[in-house]
Amino acid sequence: MITEKPAHILVPTDFSETASHAMRYASDLALRLGSRLTVVYADLFVPPIDYTATIGGWGDGSFDHLKAAAKEQLRRDAQAHIDPAVKLDLVIRVATPLDGIMAEAHDAHTDLIVMGTHGRSGFRRLILGSVTEAVMRKAEIPVLAIPPGGEWNPAMRTLVCPAAYNEQCRDALLFSAALAPADAKFIIIRSTPENDVTDTADALIALRAWVPLELAGRCEFKIFGSGHLAGQIEGYAQKVEADLIVAAERSDRTAADMLYGTFAARLIQHSDCPVLTMNRIAAEQGARAAEREPELAGTTL
(Lines give C-alpha, C1' and ligand atoms only; values in the text may rest on other atoms or scores of the structure.)
Protein backbone atom coordinates (compact mmCIF):
# COMPACT_ATOMS: atom_id res chain seq x y z
CA MET A 1 0.00 0.00 0.00
CA ILE A 2 1.04 3.61 -0.60
CA THR A 3 0.67 5.64 2.59
CA GLU A 4 3.45 8.24 2.31
CA LYS A 5 3.11 11.79 1.01
CA PRO A 6 4.30 12.01 -2.60
CA ALA A 7 7.88 13.26 -2.73
CA HIS A 8 7.75 13.73 -6.51
CA ILE A 9 4.69 14.74 -8.57
CA LEU A 10 4.40 14.50 -12.36
CA VAL A 11 2.24 16.94 -14.33
CA PRO A 12 1.73 16.27 -18.05
CA THR A 13 0.79 19.22 -20.26
CA ASP A 14 -0.47 19.74 -23.79
CA PHE A 15 -0.32 23.55 -23.43
CA SER A 16 -4.11 23.79 -23.12
CA GLU A 17 -5.93 25.83 -20.49
CA THR A 18 -7.08 22.54 -18.96
CA ALA A 19 -3.45 21.47 -18.52
CA SER A 20 -2.52 24.88 -17.12
CA HIS A 21 -5.36 24.54 -14.60
CA ALA A 22 -3.94 21.19 -13.46
CA MET A 23 -0.46 22.71 -13.31
CA ARG A 24 -1.63 25.42 -10.92
CA TYR A 25 -3.31 22.82 -8.71
CA ALA A 26 -0.19 20.62 -8.70
CA SER A 27 1.95 23.64 -7.83
CA ASP A 28 -0.20 24.44 -4.78
CA LEU A 29 -0.21 20.77 -3.74
CA ALA A 30 3.56 20.44 -4.13
CA LEU A 31 4.11 23.62 -2.14
CA ARG A 32 1.94 22.34 0.71
CA LEU A 33 3.51 18.87 0.76
CA GLY A 34 7.09 19.93 0.02
CA SER A 35 7.14 17.76 -3.11
CA ARG A 36 9.26 18.06 -6.22
CA LEU A 37 7.38 18.78 -9.44
CA THR A 38 8.16 17.57 -12.95
CA VAL A 39 6.19 18.99 -15.90
CA VAL A 40 6.39 16.87 -19.04
CA TYR A 41 5.34 17.59 -22.61
CA ALA A 42 5.30 14.57 -24.94
CA ASP A 43 4.96 14.86 -28.72
CA LEU A 44 6.18 13.04 -31.81
CA PHE A 45 6.69 16.46 -33.44
CA VAL A 46 5.07 15.25 -36.64
CA PRO A 47 4.13 18.11 -38.99
CA PRO A 48 0.49 18.96 -39.72
CA ILE A 49 -1.15 17.11 -42.62
CA ASP A 50 -0.95 20.17 -44.88
CA TYR A 51 2.61 21.06 -43.82
CA THR A 52 4.34 20.14 -47.11
CA ALA A 53 1.72 22.00 -49.11
CA THR A 54 2.07 25.22 -47.16
CA ILE A 55 5.71 25.22 -46.12
CA GLY A 56 7.37 23.23 -48.83
CA GLY A 57 9.26 20.53 -46.97
CA TRP A 58 9.89 18.55 -43.83
CA GLY A 59 13.36 17.89 -42.48
CA ASP A 60 15.44 17.57 -39.36
CA GLY A 61 15.67 21.32 -39.05
CA SER A 62 11.89 21.60 -38.79
CA PHE A 63 11.86 18.89 -36.13
CA ASP A 64 14.48 20.76 -34.10
CA HIS A 65 12.55 23.99 -34.52
CA LEU A 66 9.29 22.44 -33.26
CA LYS A 67 11.04 20.83 -30.32
CA ALA A 68 12.77 24.10 -29.38
CA ALA A 69 9.46 25.96 -29.63
CA ALA A 70 7.82 23.39 -27.34
CA LYS A 71 10.64 23.74 -24.83
CA GLU A 72 10.21 27.52 -24.78
CA GLN A 73 6.42 27.19 -24.40
CA LEU A 74 6.94 24.75 -21.53
CA ARG A 75 9.25 27.23 -19.80
CA ARG A 76 6.74 30.07 -20.21
CA ASP A 77 3.82 27.99 -18.93
CA ALA A 78 5.79 26.82 -15.90
CA GLN A 79 6.81 30.39 -15.11
CA ALA A 80 3.18 31.53 -15.37
CA HIS A 81 1.52 28.74 -13.37
CA ILE A 82 4.04 27.28 -10.91
CA ASP A 83 5.14 28.94 -7.69
CA PRO A 84 8.87 29.80 -7.85
CA ALA A 85 9.33 28.16 -4.42
CA VAL A 86 8.48 24.72 -5.85
CA LYS A 87 11.41 22.47 -6.83
CA LEU A 88 10.87 22.02 -10.56
CA ASP A 89 12.02 19.98 -13.56
CA LEU A 90 10.87 20.56 -17.15
CA VAL A 91 11.01 17.64 -19.57
CA ILE A 92 10.37 17.23 -23.31
CA ARG A 93 9.70 13.65 -24.49
CA VAL A 94 9.71 12.62 -28.17
CA ALA A 95 6.86 10.15 -27.89
CA THR A 96 3.10 9.89 -27.99
CA PRO A 97 1.49 11.61 -25.00
CA LEU A 98 0.61 8.31 -23.30
CA ASP A 99 4.01 6.71 -23.88
CA GLY A 100 5.84 9.86 -22.85
CA ILE A 101 3.87 10.25 -19.62
CA MET A 102 4.30 6.61 -18.67
CA ALA A 103 8.04 6.65 -19.45
CA GLU A 104 8.65 9.84 -17.46
CA ALA A 105 6.66 8.54 -14.49
CA HIS A 106 8.81 5.40 -14.47
CA ASP A 107 12.20 6.98 -15.16
CA ALA A 108 11.77 9.86 -12.72
CA HIS A 109 10.34 7.60 -9.98
CA THR A 110 7.35 9.88 -9.43
CA ASP A 111 4.73 9.10 -6.77
CA LEU A 112 1.65 10.83 -8.19
CA ILE A 113 0.41 12.04 -11.58
CA VAL A 114 -1.73 15.20 -11.65
CA MET A 115 -3.39 15.94 -14.97
CA GLY A 116 -6.34 17.78 -16.43
CA THR A 117 -9.32 16.17 -18.09
CA HIS A 118 -11.41 17.49 -20.96
CA GLY A 119 -14.55 15.64 -19.86
CA ARG A 120 -15.33 13.90 -23.15
CA SER A 121 -18.06 11.25 -23.13
CA GLY A 122 -19.92 8.91 -25.47
CA PHE A 123 -18.96 8.39 -29.11
CA ARG A 124 -16.67 11.43 -29.28
CA ARG A 125 -14.69 10.06 -26.34
CA LEU A 126 -14.44 6.62 -28.00
CA ILE A 127 -13.11 8.02 -31.28
CA LEU A 128 -10.78 10.69 -29.87
CA GLY A 129 -9.74 8.69 -26.84
CA SER A 130 -8.70 10.11 -23.51
CA VAL A 131 -5.07 10.25 -22.43
CA THR A 132 -6.16 10.79 -18.83
CA GLU A 133 -8.28 7.64 -18.83
CA ALA A 134 -5.50 5.63 -20.47
CA VAL A 135 -3.03 6.82 -17.83
CA MET A 136 -5.55 5.93 -15.12
CA ARG A 137 -5.73 2.35 -16.38
CA LYS A 138 -2.00 1.81 -16.90
CA ALA A 139 -0.15 3.92 -14.33
CA GLU A 140 1.77 2.21 -11.54
CA ILE A 141 1.05 5.18 -9.25
CA PRO A 142 -2.12 7.09 -8.28
CA VAL A 143 -3.59 9.58 -10.74
CA LEU A 144 -5.30 12.82 -9.69
CA ALA A 145 -7.59 14.20 -12.40
CA ILE A 146 -8.42 17.91 -12.29
CA PRO A 147 -11.63 19.01 -14.02
CA PRO A 148 -11.83 22.24 -16.03
CA GLY A 149 -13.52 25.13 -14.30
CA GLY A 150 -13.09 26.61 -10.86
CA GLU A 151 -9.93 26.80 -8.82
CA TRP A 152 -9.96 23.90 -6.37
CA ASN A 153 -8.41 23.97 -2.93
CA PRO A 154 -5.65 21.35 -2.66
CA ALA A 155 -5.95 21.46 1.14
CA MET A 156 -8.57 18.66 0.81
CA ARG A 157 -10.72 19.26 3.88
CA THR A 158 -13.64 17.08 2.76
CA LEU A 159 -13.10 13.84 0.84
CA VAL A 160 -15.77 11.52 -0.55
CA CYS A 161 -14.99 7.87 -1.24
CA PRO A 162 -17.44 5.47 -2.93
CA ALA A 163 -16.31 2.18 -1.38
CA ALA A 164 -15.53 -0.75 -3.64
CA TYR A 165 -14.41 -3.68 -1.54
CA ASN A 166 -11.09 -4.21 -3.30
CA GLU A 167 -7.44 -3.51 -2.69
CA GLN A 168 -7.10 -0.53 -5.01
CA CYS A 169 -10.00 1.36 -3.43
CA ARG A 170 -8.69 0.81 0.10
CA ASP A 171 -5.18 1.87 -0.96
CA ALA A 172 -6.52 4.94 -2.75
CA LEU A 173 -8.28 5.93 0.48
CA LEU A 174 -5.07 5.51 2.50
CA PHE A 175 -3.09 7.51 -0.08
CA SER A 176 -5.66 10.31 -0.01
CA ALA A 177 -5.18 10.47 3.76
CA ALA A 178 -1.48 11.10 3.14
CA LEU A 179 -2.41 14.01 0.85
CA ALA A 180 -4.99 15.52 3.19
CA PRO A 181 -4.37 17.44 6.43
CA ALA A 182 -4.82 15.66 9.76
CA ASP A 183 -8.22 17.24 10.40
CA ALA A 184 -9.73 16.29 7.01
CA LYS A 185 -13.14 14.60 6.99
CA PHE A 186 -13.77 11.41 5.00
CA ILE A 187 -17.28 10.47 3.85
CA ILE A 188 -17.39 6.77 2.90
CA ILE A 189 -20.31 5.68 0.72
CA ARG A 190 -21.55 2.24 -0.19
CA SER A 191 -24.38 1.41 -2.58
CA THR A 192 -26.83 -1.35 -1.68
CA PRO A 193 -30.08 -2.48 -3.33
CA GLU A 194 -31.50 -3.53 0.05
CA ASN A 195 -34.51 -1.69 1.44
CA ASP A 196 -34.85 -3.70 4.64
CA VAL A 197 -33.66 -1.81 7.72
CA THR A 198 -31.76 -4.82 9.05
CA ASP A 199 -29.99 -5.42 5.75
CA THR A 200 -29.08 -1.74 5.51
CA ALA A 201 -27.70 -1.82 9.05
CA ASP A 202 -25.62 -4.89 8.14
CA ALA A 203 -24.28 -3.04 5.09
CA LEU A 204 -23.31 -0.12 7.31
CA ILE A 205 -21.50 -2.43 9.75
CA ALA A 206 -19.61 -4.05 6.87
CA LEU A 207 -18.66 -0.62 5.54
CA ARG A 208 -17.29 0.45 8.92
CA ALA A 209 -15.29 -2.79 9.14
CA TRP A 210 -13.81 -2.24 5.66
CA VAL A 211 -12.36 1.19 6.44
CA PRO A 212 -8.72 1.10 7.65
CA LEU A 213 -8.64 1.31 11.44
CA GLU A 214 -6.38 4.38 11.44
CA LEU A 215 -9.02 6.36 9.50
CA ALA A 216 -12.19 5.12 11.23
CA GLY A 217 -12.34 8.00 13.70
CA ARG A 218 -12.26 10.57 10.86
CA CYS A 219 -15.02 8.99 8.77
CA GLU A 220 -18.73 9.44 8.23
CA PHE A 221 -20.58 6.50 6.66
CA LYS A 222 -23.42 6.65 4.16
CA ILE A 223 -25.51 3.95 2.48
CA PHE A 224 -27.01 4.89 -0.90
CA GLY A 225 -29.76 2.98 -2.67
CA SER A 226 -29.27 1.24 -6.00
CA GLY A 227 -29.34 3.35 -9.12
CA HIS A 228 -26.89 5.50 -11.04
CA LEU A 229 -24.22 5.58 -8.34
CA ALA A 230 -21.81 7.83 -10.24
CA GLY A 231 -24.53 10.45 -10.55
CA GLN A 232 -25.40 10.13 -6.88
CA ILE A 233 -21.76 10.52 -5.87
CA GLU A 234 -21.31 13.59 -8.07
CA GLY A 235 -24.43 15.23 -6.65
CA TYR A 236 -23.54 14.41 -3.07
CA ALA A 237 -19.94 15.62 -3.46
CA GLN A 238 -21.28 18.92 -4.77
CA LYS A 239 -23.77 19.16 -1.88
CA VAL A 240 -21.10 18.72 0.81
CA GLU A 241 -18.61 20.88 -1.13
CA ALA A 242 -16.09 18.04 -1.34
CA ASP A 243 -12.50 18.90 -2.26
CA LEU A 244 -11.75 15.41 -3.58
CA ILE A 245 -13.46 12.21 -4.70
CA VAL A 246 -11.46 9.01 -4.16
CA ALA A 247 -12.23 6.06 -6.45
CA ALA A 248 -10.81 2.76 -7.64
CA GLU A 249 -10.11 2.30 -11.35
CA ARG A 250 -10.40 -1.08 -13.00
CA SER A 251 -7.57 -2.18 -15.28
CA ASP A 252 -9.76 -4.26 -17.61
CA ARG A 253 -12.60 -2.80 -19.66
CA THR A 254 -15.91 -4.11 -20.97
CA ALA A 255 -17.46 -2.92 -24.25
CA ALA A 256 -19.69 -0.58 -22.24
CA ASP A 257 -16.64 0.79 -20.44
CA MET A 258 -15.01 1.57 -23.78
CA LEU A 259 -18.02 3.62 -24.88
CA TYR A 260 -19.12 5.24 -21.64
CA GLY A 261 -16.02 4.88 -19.46
CA THR A 262 -15.52 2.96 -16.24
CA PHE A 263 -17.16 4.12 -13.01
CA ALA A 264 -14.09 6.17 -12.10
CA ALA A 265 -13.91 7.59 -15.62
CA ARG A 266 -17.56 8.66 -15.48
CA LEU A 267 -16.89 10.40 -12.18
CA ILE A 268 -14.04 12.28 -13.82
CA GLN A 269 -16.11 13.21 -16.87
CA HIS A 270 -18.88 14.83 -14.82
CA SER A 271 -17.47 15.70 -11.40
CA ASP A 272 -17.06 19.33 -10.41
CA CYS A 273 -14.13 18.49 -8.12
CA PRO A 274 -10.82 16.61 -8.52
CA VAL A 275 -10.89 12.80 -8.54
CA LEU A 276 -8.08 10.61 -7.21
CA THR A 277 -7.90 7.14 -8.74
CA MET A 278 -5.77 4.07 -8.22
CA ASN A 279 -5.84 0.93 -10.36
CA ARG A 280 -4.98 -2.65 -9.48
CA ILE A 281 -1.49 -2.32 -11.00
CA ALA A 282 -0.64 0.61 -8.70
CA ALA A 283 -2.08 -1.19 -5.66
CA GLU A 284 0.01 -4.29 -6.39
CA GLN A 285 3.09 -2.16 -7.00
CA GLY A 286 2.54 -0.44 -3.66
CA ALA A 287 2.14 -3.80 -1.91
CA ARG A 288 5.43 -5.04 -3.36
CA ALA A 289 7.19 -1.85 -2.27
CA ALA A 290 5.80 -2.27 1.25
CA GLU A 291 7.12 -5.85 1.36
CA ARG A 292 10.58 -4.62 0.37
CA GLU A 293 10.77 -1.90 3.04
CA PRO A 294 11.81 -4.21 5.93
CA GLU A 295 14.51 -5.73 3.71
CA LEU A 296 15.84 -2.30 2.75
CA ALA A 297 15.74 -1.15 6.38
CA GLY A 298 18.00 -4.05 7.32
CA THR A 299 20.48 -3.42 4.54
CA THR A 300 23.83 -1.91 5.51
CA LEU A 301 26.43 -0.40 3.22
Mind listing the phi-derived Karplus ³J(HN,Hα) values for the range 10-16, rounded to whole Hz, using 6.51, -1.76 and 1.60 with θ = phi - 60°, and x for any glycine or proline?
-> 10, 10, x, 9, 10, 6, 8
A108-I223 pseudo-label distance in nm [points 7 Å out on the Cα-to-Cβ vector] | 4.6 nm
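Sort 67-79, 157-169 by the packing proxy (mean of other Cβ within 10 Å over each peptide's residues), most packed first. If you can, show how the numbers build up before the last one.
On the way: 67-79: 14.1, 157-169: 20.5.
Listed from highest to lowest mean packing, they are 157-169, 67-79.
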Would you work out what percent of the accessible area of the range 69-117, with all protein chains in place, is carbon or sulfur (probe 1.4 Å)?
-> 53 percent
Under Karplus coefficients 6.51, -1.76 and 1.60, residue-wise ³J(HN,Hα) of the range 277-284 in Hz, glycine/proline x = 10, 9, 9, 5, 4, 5, 5, 5
Could you order peptides 209-216, 106-113 by the average number of other Cβ atoms within 10 Å of their residues, highest first?
-> 106-113, 209-216
Pull up all non-local amide H partners of L44: gap of 5 or more, or a different chain, and H-to-H distance under 5 Å with H placed in the peptide plane.
-> A95
With 0.36 nm assigned to each residue of separation and the Cα-Cα distance removed, A155 to A68 gains 27.7 nm
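If I stretch the segment between D99 and E214 completely, what's the gain in nm (0.36 nm per residue apart, minus their alpha carbon distance), one decimal?
37.7 nm
The values are calculated or read from the model by the stated rules, or taken from the named source; none is laboratory data. The structure presented is a predicted model; accordingly, all values stated were derived computationally and were not measured. Counting neighbours? That spans all protein chains shown, and the Cβs are built from the backbone with ideal geometry, glycine included. Heavy atoms of the whole protein, side chains included, go into the accessibility calculation; ligands, DNA and RNA do not. Shrake-Rupley method; radii C 1.70, N 1.55, O 1.52, S 1.80 Å.
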